[in-house]
Structures are given as structure tokens and as C-alpha cells.
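Have a look at the structure below, then the notes.
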Amino acid sequence: MPPRRPPPLNPSLFVPGPNGGPSPLQASFPPHADPSTVRPVRVVDAQFEGTGNVWEGVKEVGGVVVAGEAQDEKSDSAPNILARTPHLSPSSPTPPPAPLPKAVHVPLDAAAPPSVELVRVLRELVQQGVAVELSVSSWEALERVEELLEGVAEGEKVEGRFLLRALGRPPLSIPADKLLAHPSYSAYISRINALSLHRSLSLSLAGLYPPPADLKDGDAELKRLLKLFLGNALESFGTSRVLFGSGLGANSAPEAYSAWFEFCRQTAAELTDLPGVEQVFGANAKAWYLVD
């Protein structure tokens, strides 16, 4: 049986409009919004690690912090963090004391698969409603993320909420003009796409290299690289499972925060619509951390 051919395009698409403009059919489509005008009503930072100085940057973009660890919590300028994320050692995992936090953070190493004890502890926490943040030192460790998810899920008997930080550490050292043909890019994309099949997993921008100050300096090459990876993340996970986060170091300046937010907002606005931007920059983090 011969393969089915796709339906033909409407011929009116190719009829030029007045003065060489869009065709009448094209003109009937709603125009794509200018990315500079697509802004979330309220910014929700899914991972804050800075000082009161960085908090000034959060306030500058009209933001609120959902999760993180402020370095100077006693300061009047420190943010009101709504959910703490204590770290859980993968080598000697000890469940946090009661009352249980809304989430725990687990770093994974490419050299060591998740231990049986780590999987057991996380499964018990997930069954009690605790969410799990995951971080990797490099994209080569993404297979450990999949191993952990499959171990905790125990054949899909256990459902939970998992969050992979920094888009899984994509290979940003490859020049943009060579990236698409590079084997590291293909391997990374393949693993990210495989992880997207785990419905319990979301992606966070928090902690994504490089320092946002580099973006402020107008590094066009770096921006092209980041847009490629962020675009793939939005395509594979969808706007409902990608979270904005800063994860800035304690010594970052307020303007670095603003630069990072503005770059992420502009990129997302070029790839999706306003409802999608609202999800990435607010709704998803509030839903993942179960905060109002």
C-alpha cells in the first residue's frame, strides 16, 4: 500500500495580498505577540541561593521566591522563602526529621549509580508527598537520573514530583555553529527527550551555567547556545513542566539577576505565548512546591 500523502495546502496561502503583503488567509491568523511585550504578571523563582543584595534584583522584576536557601536570612532584605529544600547525601541518605519538608535536594554523580539505600529512602519520602530536586555535575550523569526515577517508581507503582535543575547541564562549551552536528549535542538531546517521557519529571533553569553577568555583557554566541537548549526543553517537556529559577551564587549582583530573568523571559516569549510564559515563570513553581 503506497504511503499516504499529506493534504495539499490551501492555494490562497500563496496568493499575495495588497502591495505584496500577506495573503488574505495569512492575514486572518492572529499576529504573534512582540516578545518584548510578553511578560508574566508575577515572577516566581523556583530556586534562590543569593543574599539580600540579590533579593533586590528579585524585587526589581516583581518576583517572589518559592524555594531556596537565603544566605542571610536574618537580614531585613532577605526574601520570604516559602519552601526549604534541604540536601540529602546520595552516599549516606538520612531522611530529614519531622516535620517533613516540601522537597529535598539530591546531587547525582555520573561515576556512581544511585544506591539501593538512596532509592529506598526517596521512595518512602515520595510516598509521603515530599518532592525531589535532582542536580547533576554534567550532562553525562543524566542516565543516573533515569536510573533513579525508574528505581523510585518501582514499575510505576509510586508517583511523585521530581525536578531536574539546570536543564541537566547541557554542553555549553561547543560553538553554536558546530553544535547541531556535534555528537555531544545529539547524546544530550537524546537523553533529555528520553527523560521527558517520565511524566513525574520537570526541568528547572536554576543553576544553569554561565553566570548571568555574561549575558549582560552581550555575549551573542552564549545566547544562541542557551536558546537552542531552552528551545528543546520547551519542545520536549512543554511549558507545563519547565520552571524559571535563578540559583545565583551568594555574591551575585542585583543587575545579574535582572539580566538572567530578562534573557529567559525574552527567549521563552519567542518560543511560546503568554499563557506558556505565565506557566514557566510562575504557575509551575507554585504547583510543584505546593504553595499558594
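The values are calculated or read from the model by the stated rules, or taken from the named source; none is laboratory data. Note that the structure is a prediction, hence the values are computed from the model and not measured. Every residue, glycine as well, gets a Cβ built from its backbone with ideal geometry; the counts of neighbours run over all protein chains shown. Just the protein is used for accessible areas: all its heavy atoms, side chains included, with ligands, DNA and RNA removed. Shrake-Rupley method; radii C 1.70, N 1.55, O 1.52, S 1.80 Å.
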Item checked: FRET efficiency, 1/(1 + (r/R0)^6) with R0 22 Å, evaluated for Val158 and Ser137 via beta carbons -> 0.25
Check: Roughly how many nanometres apart are two label points built 7 Å out from the Cα toward the Cβ at Ala33 and Ser240?
Finding: 2.0 nm
Notebook entry, point to check: What is the sum of charges around Phe281, taking Lys and Arg as +1, Asp and Glu as -1, for the other residues whose C-beta is under 11 Å from the C-beta of Phe281?
Noted result: +2
Checklist line | Long-range HN-HN contacts of Leu163 with modeled amide H, under 5 Å | finding: Val132, Glu133, Leu134, Ser202
Item checked: Solvent accessible area, Å² - Asp177, 1.4 Å probe, full protein context -> 130 Å²
Checklist line | Local electrostatic count, Leu108, Cβ distance below 14 Å [Lys/Arg +1, Asp/Glu -1] | finding: -3
Notebook entry, point to check: Roughly speaking, what is the centre-to-centre gap between region 95-153 and region 170-192 when only Cα atoms are used, to the nearest Å?
Noted result: 26 Å
Item checked: Solvent exposure, largest accessible area first (probe 1.4 Å, DNA, RNA and ligands not counted), of Ser236, Ser246 -> Ser236, Ser246
Next item on the list: With r as the distance between the Cβ atoms of Leu290 and Lys223 and R0 = 35 Å, compute the FRET efficiency 1/(1 + (r/R0)^6) and round to 0.05.
Entry: 0.55
Item checked: Debye, to nearest 20: dipole size of region 114-267, +1 on Lys, Arg Cβ, -1 on Asp, Glu Cβ -> 220 debye
Check: What net charge is computed for the residues neighbouring Pro35, neighbours being all others with C-beta under 12 Å from the C-beta of Pro35, Lys and Arg scored +1, Asp and Glu -1?
Finding: -1
Item checked: Virtual spin-label span in nm between Leu100 and Val41, 7 Å along Cα→Cβ -> 3.2 nm
